[in-house]
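Below you'll find the structure, written out as structure tokens, and then a few comments.
The values are calculated or read from the model by the stated rules, or taken from the named source; none is laboratory data. Quantities reported herein were computed from a predicted structural model and do not represent experimental measurements. Positions of Cβ are backbone-derived with ideal geometry, glycine not excepted, and every protein chain shown enters the neighbour counts.
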Amino acid sequence: MVAGQGRRVKLSADSGGAHLTYCTNIHPGETWEQTAHALRVHLPKVKAEFCPDQDFGVGLRLSAVAARDLLAPEAFAELQDILRSNGLYVFTINGFPYGTFHGTRVKEEVYQPDWRTPERLAYSNQLADLLARLLPEDDSIEGSISTVPGGFKPAVEGPETIKAMAENVLRHAAYLVHLRRVTGRSIALALEPEPCCVLETTEEAVNGFKRYLFNGGAITQMSKYTGSSRAEAEADLHRHLGICLDLCHAAVEFEDPGEAVDTLAAAGIAIPKVQISAGLRLPQVSKADIARIQPYDDTVYLHQVVARTERGLERYLDLDEAFAAYKEAEKPEWRVHFHVPIFLGDLDGFATTRPAVEKFLARQRQDPVTQHLEVETYTWDVLPEEHRKDDVVTNIVKEMRWAHDQLAHDQIAGERLESGDAAAQ
């Protein structure tokens, strides 16, 4: 385990001691060598600007290749050295993208292999092994791993596919019980609902958990896998399985973050992790908007669109599909899954879903929802060029300060936020 030497970035006074970080999926790197380079180059600079006198938590993204590389003792020792020597600690891992995530076409491939496959199960188990060894020597800090919410909905072949996904999730939960027994450390798998996925909305997440992961059959399986009583198995399922609430994804689905939190709580579903992110919002799409949003239609990532029309919500897999279906007379509202800088209130004249972020962070400040908060804007490389003038570290620090100030919410923070927004816009 890796122990930080100083105070950690925890918002103890105002947010229940939550840990605040950003996700390193913003930095390209698939092998451990590439990942190590990003950690050595970028993380110390962010820490120096954001929290020079405190240990800084890392929202670590490891590809399947990098995770396998870390099986080598010398590679893992190198990671431990990077953390110790720079005042860093790991409390959460992004286990969503299994393979390449930058510089090439990702789109629907980001969901593969999905949870029906042994590859996804083995990868997630390996990440849990690593995290159990990386958590600081403070038993109050639990771990979280965010992951694909089952898989890509268009690739689902029927109910048997969903059952196969659920079976592997249960096997992973049993593995997390085993790890807890061996290491004393508790880790939760947090499935991350996303547009066009098996678990797309909060409602689908609740229904999926109730039907496949928290039902009597799942409890029986968990009891069998772990050798526990049914009561213990049920408690373990609730302890080790939950939701990663991505605020961009929820807002794109026209969900209110407070209602989403309440709905999950009422269903007994934990929120081990929240990703602080915002998407694009076009309140009444015009032809001029269609022309201006073209630069956001990149070839790397999917940018799912949810349109609110008189007929209700209509969903499109990517911007090009939404362009083709657009009818000016309908004046729809679009929400676009394109992670945009959270410190900007608008972008190129477009609104963003940042108000949902502000609403959630106000709730977190007053009545903590989760212990793990992770800023996740991974799209800097594909933003239109005018938004890439600052270097990535400068932009990360802006996002971290904005999020921290929203959570701290004192007078000084408010003044800094106001002046920072004015400069940004």
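Could you look through region 308-328, keep only residues that are over 20 Å from Thr201 (Cα atoms) and either touching a residue at least 24 places away in the same chain (Cβ under 8 Å) or aliphatic (A, V, I, L, M) (or both), and pick out the one that is surrounded by the fewest Cβ atoms within 10 Å (Cβ to Cβ)?
Per the stated criteria, the residue is Ala324.
Could you run through region 20-38 and say how many residues are among the hydrophobic types (A, V, I, L, M, F, W, C) and under 23 Å from Val300 (Cα atoms)? Walk me through how you get there before you give the answer.
The initial filter retains those residues of region 20-38 that are among the hydrophobic types (A, V, I, L, M, F, W, C), namely 20, 23, 26, 32, 36, 38.
Okay, now just the ones that are also under 23 Å from Val300 (Cα atoms), so 23, 26, 32, 38.
The qualifying residues number 4.
Yes/no per residue for (1) assigned to a strand (DSSP E or B); (2) among the aliphatic types (A, V, I, L, M); (3) within 20 Å of the chain's Cα centre (by Cα):
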| site | (1), (2), (3) |
| --- | --- |
| Leu39 | no, yes, yes |
| Val58 | yes, yes, yes |
| Gln80 | no, no, no |
| Thr104 | no, no, no |
| Glu109 | no, no, yes |
| Glu119 | no, no, no |
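Could you pull out the residue among Glu192, Glu232 that is of a type in the set (Asp, Glu), out of contact with any strand residue (DSSP E or B) (no Cβ under 7 Å at 6 or more places or on another chain) and either touching a residue at least 40 places away in the same chain (Cβ under 8 Å) or at negative phi (or both)? So that I can check it myself, show each step before the final result.
Working: Glu192 fails: out of contact with any strand residue (DSSP E or B) (no Cβ under 7 Å at 6 or more places or on another chain).
Going through Glu192, Glu232 in turn, the sole match is Glu232.
In the set Ala77, Ala67, which member is crowded, with 16+ Cβ neighbours inside 10 Å and within 29 Å of Glu119 (Cβ to Cβ)? First the steps, then the outcome.
On the way: Ala77 fails: crowded, with 16+ Cβ neighbours inside 10 Å.
That would be Ala67, the only listed residue that is crowded, with 16+ Cβ neighbours inside 10 Å and within 29 Å of Glu119 (Cβ to Cβ).
Please specify each residue of region 124-150 satisfying the condition of being outside any strand (DSSP E or B), closer than 12 Å to Val169 by Cα and not aliphatic (A, V, I, L, M). If you could, list the steps in order and put the result at the bottom.
Restricting attention to region 124-150, the residues satisfying the condition of being outside any strand (DSSP E or B) are 124-142, 148-150.
Subsequent filtering for residues that are closer than 12 Å to Val169 by Cα retains 124-125, 148-150.
Scanning region 124-150 gives Ser124, Asn125, Pro149, Gly150.
Please identify the pairs in which a residue from region 348-368 that is at negative phi and touching a residue at least 40 places away in the same chain (Cβ under 8 Å) has its Cβ atom under 7 Å from the Cβ atom of a residue that is assigned to a loop (DSSP other than H, G, I, E, B) and buried (at least 18 other Cβ atoms within 10 Å of the Cβ), counting only partners at least 6 apart or on another chain.
From residues that are at negative phi and touching a residue at least 40 places away in the same chain (Cβ under 8 Å), the pairs are Thr352/Leu344; Arg354/Ile342; Val357/Ile342; Arg363/Val369; Gln364/Ala18; Pro368/Ala18.
Would you call Thr161 at pLDDT 95 or above, among the hydroxyl-bearing types (Ser, Thr, Tyr) and farther than 23 Å from Glu374 by Cβ? Can you show your working first?
Details: at pLDDT 95 or above: yes; among the hydroxyl-bearing types (Ser, Thr, Tyr): yes; farther than 23 Å from Glu374 by Cβ: yes.
So Thr161 fits the description; yes.
Given the criteria farther than 30 Å from Thr394 by Cβ, hydrophobic (A, V, I, L, M, F, W, C) and outside any strand (DSSP E or B), does Ala307 qualify? Can you show your working first?
Values: farther than 30 Å from Thr394 by Cβ: yes; hydrophobic (A, V, I, L, M, F, W, C): yes; outside any strand (DSSP E or B): no.
For Ala307, the condition - farther than 30 Å from Thr394 by Cβ, hydrophobic (A, V, I, L, M, F, W, C) and outside any strand (DSSP E or B) - is not met.
Can you name every residue in region 381-408 that is crowded, with 17+ Cβ neighbours inside 10 Å and not in a helix (DSSP H, G or I)?
Scanning region 381-408 gives a single hit, Leu383.
Can you tell which of Ala324, Ala307, Ala278 is over 22 Å from Val110 (Cα atoms), modelled with pLDDT of 95 or more, out of contact with any Asp or Glu (no Cβ under 7 Å at 6 or more places or on another chain) and among the small types (Gly, Ala, Ser)? Give the steps one after another, and end with the answer.
Details: Ala307 fails: out of contact with any Asp or Glu (no Cβ under 7 Å at 6 or more places or on another chain); Ala278 fails: over 22 Å from Val110 (Cα atoms).
None of the other options fit; the residue is Ala324.
Determine which single condition Arg84 fails, assuming it passes every other condition in (1) buried (at least 16 other Cβ atoms within 10 Å of the Cβ); (2) assigned to a helix (DSSP H, G or I).
(1)
Mind checking whether some residue in region 329-336 is within 16 Å of the chain's Cα centre (by Cα), in contact (Cβ under 8 Å) with a residue 40 or more places away in the chain and crowded, with 20+ Cβ neighbours inside 10 Å?
Within region 329-336, the subset within 16 Å of the chain's Cα centre (by Cα) is none.
For region 329-336, residues within 16 Å of the chain's Cα centre (by Cα), in contact (Cβ under 8 Å) with a residue 40 or more places away in the chain and crowded, with 20+ Cβ neighbours inside 10 Å: absent.
Of all residues in region 177-212, how many are buried (at least 21 other Cβ atoms within 10 Å of the Cβ), of a type in the set (Ser, Thr, Tyr) and touching a helix residue (DSSP H, G or I) at 6+ places or on another chain (Cβ under 6 Å)?
So the answer is 1.
Among the residues of region 151-203, how many are under 19 Å from Thr117 (Cα atoms), assigned to a loop (DSSP other than H, G, I, E, B) and charged (D, E, K, R)?
Here the count works out to 2.
Give just the number: which of (1) among the polar types (S, T, N, Q); (2) in contact with a Ser or Thr (Cβ under 9 Å, 6 or more places away or on another chain); (3) surrounded by fewer than 16 Cβ atoms within 10 Å (Cβ to Cβ) does Ser140 not satisfy?
(2)
If you go through region 330-379 one residue at a time, how many are in a helix (DSSP H, G or I) and either touching a Cys at 6+ places or on another chain (Cβ under 7 Å) or of a type in the set (D, E, K, R) (or both)?
Restricting attention to region 330-379, the residues satisfying the condition of being in a helix (DSSP H, G or I) are 330, 354-366.
Among the residues that remain, those that are also either touching a Cys at 6+ places or on another chain (Cβ under 7 Å) or of a type in the set (D, E, K, R) (or both) are: 330, 354, 358-359, 363, 365.
Selection size over region 330-379: 6.
Which of the residues spanning region 303-335 are among the charged types (D, E, K, R) and in contact with a Leu (Cβ under 9 Å, 6 or more places away or on another chain)?
Kept after step one, since they are among the charged types (D, E, K, R), are these residues of region 303-335: 308, 310-311, 314-315, 318, 320-321, 327-328, 330-331, 333, 335.
Residues satisfying the conditions are Asp318, Glu333, Arg335.
Give the residue that is surrounded by the most Cβ atoms within 10 Å (Cβ to Cβ), with candidates limited to residues of region 248-297 that are in a loop (DSSP other than H, G, I, E, B) and acidic (Asp, Glu). Even if it seems obvious, please write down each step before you answer.
Filtering region 248-297 for residues in a loop (DSSP other than H, G, I, E, B) gives 253-256, 267-269, 277, 283-286, 297.
Subsequent filtering for residues that are acidic (Asp, Glu) retains 253, 255-256, 297.
Numbers: Glu253: 22, Glu255: 20, Asp256: 15, Asp297: 15.
Filtering first and then ranking leaves Glu253.
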